[in-house]
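Notes for the one structure printed next.
Every number here is computed from the coordinates shown, using simple stated rules; none is lab data. Because the structure is predicted, anything quoted here is derived from the model rather than measured. Glycine also receives a Cβ, built like all others from the backbone with ideal geometry; neighbour counts cover every protein chain displayed.
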Amino acid sequence: MIETLAGAPGAEVEDLSASALLASIRSARSDEDAAAARQLNLAARWADLHPPESMHTAATFGDGGRYGLEHEEPIAGPGCPAVAEFCIAELGTVLGISSTAAKRLIGHALELRHRLPRLWAQVHAGAVPAWRARTVAEATIHATPSLTVEAARWVDAQVAAVAGRVGPAQLDRLVAETIKRHDLDTHDPTSDPEDGWQHVDPRHATLHSDDVHYAGTMRFEAELDIADALDLDRALAHGAETLAALGSVAPLDSRRSQALGDLARTQTALDLHTQGSTAARSEDGLPIAREVVLHAHFDASLDGLDGLETVFGPTGRMEEGQRLVLLEQVKDWCRDSRTKVTVKPVIDLTAELTAPGYDIPDRIREQVILRDRTCVFPWCTRQARACDIDHVIPYDADADTEGRPQPGPTVTSNLAPECRWHHRLKTHTAWRYDVTGPGVYEWTSPHGHRYRRDRTGTTRISGAADDAAPPARP
């Protein structure tokens, strides 16, 4: 196979000079920036086609309407138009991204077009890449307190003057200065007019639970008060030295990371101890500091449970966050006297469980959660345990009393987890889905795009004709 580069059609890679390679790479980047700018423009146009007045009255859900009907969704700052919320899902599935990511894309497009017009123009002139402009839009959308149109335009002028070349720290300071300059914090009881520093508090401690490394680690990010940061640094340095003195040969950064976990477990144990907890205690007398629940999947052909190697293989899965966990980590947890490890057998996922009536018993709910793991809407990653359990074919509360067969029984094959937002989407719009196998679903969008969702993820089955009209709503 002959590899070609953008900007050099048909040219073999080995025949290109260094200058030609650089020119091709630059051309590819320009094409990428132009495509991203066009995608922003198209996202804004998609929002234009779905204003709040485009919403139709939907049927009330059978449980009394607690899921609510479609409403207008403000997804950018003041002064930007709202959109009919359910249009977001169609755009997201076509792009192969989650509804949350699609909402962010539309919000950034509207924020740039309506509140940051200079930056919007620079993006479409090729002077500022779309990703950089979207970073600014994200900051102005979520500023606290909210930026007025005038305040956002001031940020726009400052950023446009430097062609969007501002880093995260500079952008935070610019937004904070904007809030102060436009007197947006005058009603903030925590603001100090004598203080020359902005009142915006940048401190945070954030666990990035979706950013899981193949080695079984997660990223924890924090912005601390200077004194707190220095204290924590000293504690981690001391913990790392202690681990080394006890024989650890791990690199310094690894030992500092482990020391941070030790601090957390120690604090948890102390909290339980000082509260007079009657919880189970470890061999050293302290309360259990950590409990990890593993759902272990056993092969029906196994005669016994003679070792974790047979049960887990090299890795296991923590249901919470869909995280992989290494076998060595499980062994470490088991060896820690302050860790309580509970291994629970998985319900037989092949069995067809049934229950009378509409309510879903815990045993069936657990089976569906373990089978599907996440919300089954295309590209949604919300954990199934945090989802509603939906009757794929709706349950008819009047069927039994009227002597008709129940069209939507409470059985495993007619149930699927859906996050609240996508549950409402399925209930009140023309989105439809069918079960084609255990844990396999085929969705059809209002515009006729079709997707298959199973335990491995989402697959696009087919698109729709360019002139396809949306189906009538139920």
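Here are a few things to note about the model shown:
- Label point distance in nm, His142-Tyr358, each placed 7 Å from Cα along Cα→Cβ: 3.7 nm
- For Arg432, the residues 5 or more places off, or on other chains, whose built amide H falls under 5 Å of its own are Thr444.
- Charge tally in the Cβ shell below 13 Å around Pro407, where Lys, Arg are +1 and Asp, Glu are -1, Pro407 excluded: -3
- 10 Å beta-carbon shell around Pro129, net charge (K/R +1, D/E -1): +1
- Rounded to 0.05, the FRET efficiency of the Val440 and His208 pair, given R0 = 30 Å and the Cβ-Cβ distance, is 0.45.
- Distant-in-sequence amide contacts of Arg382, defined by a placed amide H-H separation under 5 Å and a gap of 5 or more residues or a different chain, comprise Cys375.
- Rel. contact order, % - alpha carbon contacts under 8 angstrom, at least six apart, the range 85-194: 22 percent
- Separation of the Arg404 and Leu21 label points, Cα + 7 Å toward Cβ, nm: 7.0 nm
- Net length gained if the chain between Ala244 and Glu221 were fully extended (0.36 nm per residue, minus Cα distance): 5.8 nm
- FRET efficiency, 1/(1 + (r/R0)^6) with R0 51 Å, evaluated for Arg29 and Gln258 via beta carbons: 0.80
- Formal net charge of residues neighbouring Trp443 (Cβ-Cβ distance under 14 Å; K, R +1; D, E -1): -1
- The shape of the range 13-187 comes out oblate: with a ≥ b ≥ c from the C-alpha gyration tensor, a/c is at least 1.5 while a/b does not beat b/c.
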